[in-house]
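Asker: Quick one: this structure, given as C-alpha cells, is what I'll be asking you about.
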Protein chains: 2
Amino acid sequence: MAPRTRTRGVTLEDIAQRVGITRAAASMALADSTRISEKTKRAVREAAAELGYVPNSAGRALRRQRAGAIALIVPNTSHHVFGHTYFMHVLTGVSSSANAHDVQVIVSTNADEAGRASAFERIIRSGTADGVIVTAAPVDDANVETLVASGLPVVLLGNFPYLPEATSVGADDVAASRLVTEHLLTVHGRTRLLHVSGPLDHQTGIDRREGFLAALAGHGLADEAWVVEGDMSEESGAAAVVAALDSGRPFDGAVFANDDMAFGAMQVLRARGLDVPTDVAVVGFDDFGLARTTTPGITTMRVSAEQMARIATDTLFAILAGQQAGPLHQELPVQLVTRDSCGCPAPFPRGQAAAPWADTAVTP
Amino acid sequence: MAPRTRTRGVTLEDIAQRVGITRAAASMALADSTRISEKTKRAVREAAAELGYVPNSAGRALRRQRAGAIALIVPNTSHHVFGHTYFMHVLTGVSSSANAHDVQVIVSTNADEAGRASAFERIIRSGTADGVIVTAAPVDDANVETLVASGLPVVLLGNFPYLPEATSVGADDVAASRLVTEHLLTVHGRTRLLHVSGPLDHQTGIDRREGFLAALAGHGLADEAWVVEGDMSEESGAAAVVAALDSGRPFDGAVFANDDMAFGAMQVLRARGLDVPTDVAVVGFDDFGLARTTTPGITTMRVSAEQMARIATDTLFAILAGQQAGPLHQELPVQLVTRDSCGCPAPFPRGQAAAPWADTAVTP
DNA sequence: GCACGCTGCTGAATCGATAAAGCAGACCGA
DNA sequence: TCGGTCTGCTTTATCGATTCAGCAGCGTGC
C-alpha cells in the first residue's frame, strides 16, 4: 500500500468553520455536552449530516487511548483450524457481542512467529485492539502463557486448567464425553469401545479422552480402555479405524473426539462392509454442521461454539470496563443429540425427510 | 468499554530517552534512514527490543493517513449469509492476501442501516480501513451503488453487470450453470429438468438460471423450461421439490443453484420413495463442503470462493497502490465435480471409502 | 584560509479528536 | 450596584509517529 490520491476526509474543523465555532465546540456539540446551546448543537448536527462527517478513528483512538476494536486470534495458521466450521460459529458469536458494543472485530492469524512478540501481544501493545479472544490454543503454546502473565485483557476459548490466572470460556468436555460414552454403554449395551481422541496437546483432546475413560471406569471397564490418538481430521479418523480393524481386536462402538473423524471412520467401516450402527455404533462430538447431513446422521455432543464465543466476548467487555477483576473460568454444558449412528431410533423413520430441528436433544 | 487501568505502552519517546536522542531520530533509526549513523541505529534497535516497543497504530495511522487495515463487509446481517461455509472460504482468501501485505482484516456486518452512511462508507471515511471487500450484495442494494459511485477503494465479490464502474471478482455462473445442465442433458439423457434457482434479487440467482435456460435452449427444449425460485436454504430446496412433486408434472433431473438446496431436496425425494439418481438426477452448485459428505454425494460446480477472495483482495491492494486505475471485472472459471447424485459412476465403487481428493474433476 | 558539502542529529509542525481550564457576558440576589 | 453564579463558548494541551527544515561540526578542495 503506497501512494493514492485520497479524498481528504471531512473533519471536525470543517464542521466548525461551517457553523462558525471552534472544533472543540463542535466536538462537544456532537457529544451532546450540556455546555453547548441547543441551537449550536442543532447547527452542528446539521452540518455534520450535510458534509457526511464520520469521526476519524485514528484521531479518536489516539486521544482516547482506546481503539474501539477487539481481535479474534487464531494461533495456528494451520488451514485445518482456520478453515473449520468451528471458526464460523466463533466468529458469529464474537461479532454479535462486538456489534452490541459498537466495536470492530479484527481477525488475525498468528502469522509472525518470527518476531519476538506474539501476534497477541503486538496487537494489544500497538493499540490496534483493546483486547483479544484467542481460539484453539495448544497446551504448550508459550505465547499464551506470557500473554496471560502480562495481564493484558484476554479471554481464551477452551479450558486451561494449567493456567489458573487465565480467563477462559470452555465446554464441559469431560462431562460431555462421559455422557456420550455412557449412552453407548447403557442405552445400547456396547461394551467394547474404541476412542479416537483429538491431539493430546490440546486440552480438548485430553478432556474428551478423560471423559471416555471415566465412563468406562464407572462401569468396571477400565481395563478395556482402548484409545487411539487422532488429529481431528477426517483422514485421521479413517486411519485410526483402519488401524483398529487391522489389529484384529474387536469393537462394537466408537467414540470420536469430533464429527469429522467420525465421518472419516464411517466411510471406512462402510467400505469394509460393516454397518453403522449395527456392527459398530458411532458417536461424534461438536455438531457444527456435518453430523446432521451424513447418512447415517451422527449422534454427537453439541457444543455451542457460538454461545461460547458470545460469552467470552461479553466477558472481555466486562474486563475492559473494569467490571471483572480476577480470572474467571466458565464452563458451558453440552447437549447430547441422538441420530442414527448410535442405533437410536431416528426421530423420523429412516428415509423420511428429517427436518434439522427434529433431532432429539437431551441436555445432560 | 469504559475505564480500565491500562499499562502505559512503550513509545518512541522511551526509546529516545534511553539512547539519549530525540524521538524523531529514533523514528528515523527504526525506519533505517540513511541520515542516521549505524551506531545510533544499533542502539535504537537494541533499546526497542529490550523495551518491547511496538509502534502505536493510531499514532501511525493518523500521521500516515493510512490505517493499515482492510475491511471485509457482509451486507445482510442475515444469519444465512454470515453463517454460511462460503464465508469461511472468503475469509481465508482475504486473510491470506492481507497477511502477505502485512495488513489487518476487519470483519464487519452492515448492522447500522439506520444511520445515513452505510457500513461501507463509515468504515472507509473514518479511516478505520483503507479499502473494503464486499460480499454477497443483493442486486438492489443502493448502498453498494453509492459506494461505487463515490470512488472509494472497493472490490465486490460477485458479478455486477449493471454497475460498470465497479471493480468486482465473480465466477462465470452462466457458463457454469449451462455446463452442469448440459451434463444432465447429454451425459445422462435427462430431458425433463427442474431448476430451483437462488433468490432472483441476487445476480448469482439470475445468472445460474440463465445458464440453465441457455442449456435447454441449446437442445431445443426452451419450451420445457421449469424454474422455481428458492432462497439458497436447505428448507427452500425441500419446499421447491415438494411443490414440484405435488404439481404432478414429471421430471427426471433437477439443477439446484446451490448444494444446500440440493441436499434439502434429496431428503424429500428419499422420503417420497424416489431414488437419486435413478428416478431424479440431482446436481448442485458451490462445493463448499456439504456436497462431498452427503449420501449420495452431490455432483456440483465447484466455485473457489477462496481464490475469488484472494484475487479480489490482491486487486484491492493494487487499487490502493495506485496500480489499478479503471474498473476491472474478473470472472473465474468454475469446475464440474461429478459424484453420485447425477448418476455418474462414482470415482470409487459405491460404499467404498472415497477420499476427498478422489472426486472426478472436469474443468469446463 | 575559507567556502562548500556532507553527516547526523534537533526542533517544530502535523495528522484529528477531545478533555480541561479559562474567560467573556448575562443574569441574579441582596 | 456589586460580588457571584451560569451559560456558552474559546484556548490550550495531549495522544504517538513521522516528516521536513535547520543547523552544528567536520572534512575537503583550491
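Asker: Take A:SER126 and decide whether it is within 23 Å of B:THR85 (Cβ to Cβ), without any contact (Cβ under 8 Å) to a residue 12 or more places away in the chain and out of contact with any Cys (no Cβ under 6 Å at 6 or more places or on another chain). Step through it out loud before you land on a result.
Answerer: On the way: within 23 Å of B:THR85 (Cβ to Cβ): no; without any contact (Cβ under 8 Å) to a residue 12 or more places away in the chain: yes; out of contact with any Cys (no Cβ under 6 Å at 6 or more places or on another chain): yes.
So A:SER126 fails the test.
Asker: Residue by residue through the stretch B:19-30, note down the ones that are within 19 Å of A:ALA58 (Cβ to Cβ) and more than 9 Å from DNA strand C (Cβ to nearest atom). First the steps, then the outcome.
Answerer: Going through the stretch B:19-30, the residues within 19 Å of A:ALA58 (Cβ to Cβ) turn out to be B:23, B:27.
Listed by number, the list is empty, since nothing qualifies.
Asker: To continue, here is another question. So is A:ARG63 charged (D, E, K, R), in contact with a helix residue (DSSP H, G or I) (Cβ under 9 Å, 6 or more places away or on another chain), within 14 Å of DNA strand C (Cβ to nearest atom) and facing chain B (nearest Cβ under 10 Å) or not?
Answerer: Against the criterion (charged (D, E, K, R), in contact with a helix residue (DSSP H, G or I) (Cβ under 9 Å, 6 or more places away or on another chain), within 14 Å of DNA strand C (Cβ to nearest atom) and facing chain B (nearest Cβ under 10 Å)), A:ARG63 qualifies.
Asker: If the Cβ limit is 6 Å and pairs must be 6+ apart or interchain, which residue in the stretch A:31-43 that is away from DNA strand C (no atom under 11 Å from the Cβ) pairs with which residue that is of a type outside the set (Asp, Glu) and assigned to a helix (DSSP H, G or I)?
Answerer: A:THR40/A:ALA29; A:LYS41/A:ALA29; A:ALA43/A:VAL19
Asker: Ok, one more. Answer yes or no as to whether A:PRO333 is at pLDDT below 95 and surrounded by fewer than 20 Cβ atoms within 10 Å (Cβ to Cβ).
Answerer: Values: at pLDDT below 95: yes; surrounded by fewer than 20 Cβ atoms within 10 Å (Cβ to Cβ): yes.
Yes.
Asker: So which residues in the stretch B:67-76 are at pLDDT 95 or above and surrounded by fewer than 21 Cβ atoms within 10 Å (Cβ to Cβ)?
Answerer: Within the stretch B:67-76, just B:GLY68 meets the criteria.
Asker: Could you look through the stretch B:27-52, keep only residues that are near DNA strand D (Cβ under 7 Å from one of its atoms) and either in a helix (DSSP H, G or I) or crowded, with 18+ Cβ neighbours inside 10 Å (or both), and pick out the one that is farthest from the other protein chains (Cβ to nearest Cβ)?
Answerer: Within the stretch B:27-52, the match that is farthest from the other protein chains (Cβ to nearest Cβ) is B:MET28.
Asker: Here's a follow-up. Could you tell me which residue of the stretch A:236-290 is farthest from A:ARG339 (Cα to Cα), considering only residues that are of a type in the set (D, E, K, R) and touching a Gly at 6+ places or on another chain (Cβ under 6 Å)?
Answerer: Start the filter on the stretch A:236-290 by keeping residues that are of a type in the set (D, E, K, R), which leaves A:246, A:249, A:252, A:259-260, A:270, A:272, A:275, A:279, A:286-287.
Restricting the remaining residues to those that are touching a Gly at 6+ places or on another chain (Cβ under 6 Å) gives A:259, A:270.
Details: A:ASP259: 12, A:ARG270: 17 Å.
Top of the filtered list is A:ARG270.
Asker: If you scan the stretch A:241-257, which residues turn out to be out of contact with any helix residue (DSSP H, G or I) (no Cβ under 7 Å at 6 or more places or on another chain), aliphatic (A, V, I, L, M) and in contact (Cβ under 8 Å) with a residue 24 or more places away in the chain?
Answerer: Applying the first criterion (out of contact with any helix residue (DSSP H, G or I) (no Cβ under 7 Å at 6 or more places or on another chain)) to the stretch A:241-257 yields A:243-250, A:252.
Still in the list and also aliphatic (A, V, I, L, M): A:243-245.
Matches in the stretch A:241-257: A:ALA244, A:LEU245.
Asker: In the stretch B:224-300, which strands (runs of 3 or more DSSP E) lie fully inside it and hold 1 or more residues that are crowded, with 21+ Cβ neighbours inside 10 Å? Spell out how you get there, then give the answer.
Answerer: Values: elements: B:227-229, B:253-256, B:281-283.
Qualifying strands (runs of 3 or more DSSP E): B:253-256, B:281-283.
Asker: Exactly one condition in (1) within 16 Å of DNA strand D (Cβ to nearest atom); (2) closer than 24 Å to B:ALA318 by Cα; (3) modelled with pLDDT of 95 or more is not met by B:ASP102; state its number.
Answerer: B:ASP102 satisfies all of (1) within 16 Å of DNA strand D (Cβ to nearest atom); (2) closer than 24 Å to B:ALA318 by Cα; (3) modelled with pLDDT of 95 or more except (3).
Asker: Continuing with the same structure: If B:GLY322 meets every condition in (1) within 9 Å of chain A (Cβ to nearest Cβ); (2) under 30 Å from B:GLY253 (Cα atoms); (3) over 14 Å from the mean Cα position of the chain (by Cα) apart from one, which number is that one?
Answerer: (2)
Asker: Out of all the residues in the stretch A:12-26, which are buried (at least 19 other Cβ atoms within 10 Å of the Cβ) and among the small types (Gly, Ala, Ser)?
Answerer: Result: A:ALA16, A:ALA25, A:ALA26.
Asker: Hand me the list of helices (runs of 4 or more DSSP H) wholly inside the stretch B:142-221 holding 1 or more residues that are at pLDDT below 95 and not assigned by TED's automatic domain parsing to the domain that holds B:VAL241.
Answerer: Working: elements: B:142-149, B:173-182, B:203-218.
Hits in the stretch B:142-221: B:142-149.
Asker: Take A:ASP207 and decide whether it is loosely packed, with under 15 Cβ neighbours inside 10 Å and either touching a residue at least 60 places away in the same chain (Cβ under 8 Å) or under 26 Å from A:VAL132 (Cβ atoms) (or both). Give the steps one after another, and end with the answer.
Answerer: Working: loosely packed, with under 15 Cβ neighbours inside 10 Å: no; either touching a residue at least 60 places away in the same chain (Cβ under 8 Å) or under 26 Å from A:VAL132 (Cβ atoms) (or both): yes.
No, not satisfied.
Asker: Please specify each residue of the stretch B:258-283 satisfying the condition of being free of Cβ contacts under 8 Å to residues at least 40 places away in the same chain and more than 10 Å from every other protein chain (Cβ to nearest Cβ).
Answerer: Hits for the stretch B:258-283 are B:LEU274, B:ASP275, B:ASP279, B:VAL280.
Asker: Still on this structure, I have one more. What residue, among those in the stretch B:17-26 that are among the small types (Gly, Ala, Ser) and part of a helix (DSSP H, G or I), is nearest to the other protein chains (Cβ to nearest Cβ)?
Answerer: Of the residues in the stretch B:17-26, the ones among the small types (Gly, Ala, Ser) are B:20, B:24-26.
When the remaining residues are screened for being part of a helix (DSSP H, G or I), the result is B:24-26.
Numbers: B:ALA24: 18, B:ALA25: 21, B:ALA26: 16 Å.
Only one residue fits best here, namely B:ALA26.
The values are calculated or read from the model by the stated rules, or taken from the named source; none is laboratory data. Just so it is clear, the model here is predicted, and its values are computed rather than measured. Glycine gets a Cβ as well: all are built from the backbone with ideal geometry, and neighbour counts include every protein chain shown.
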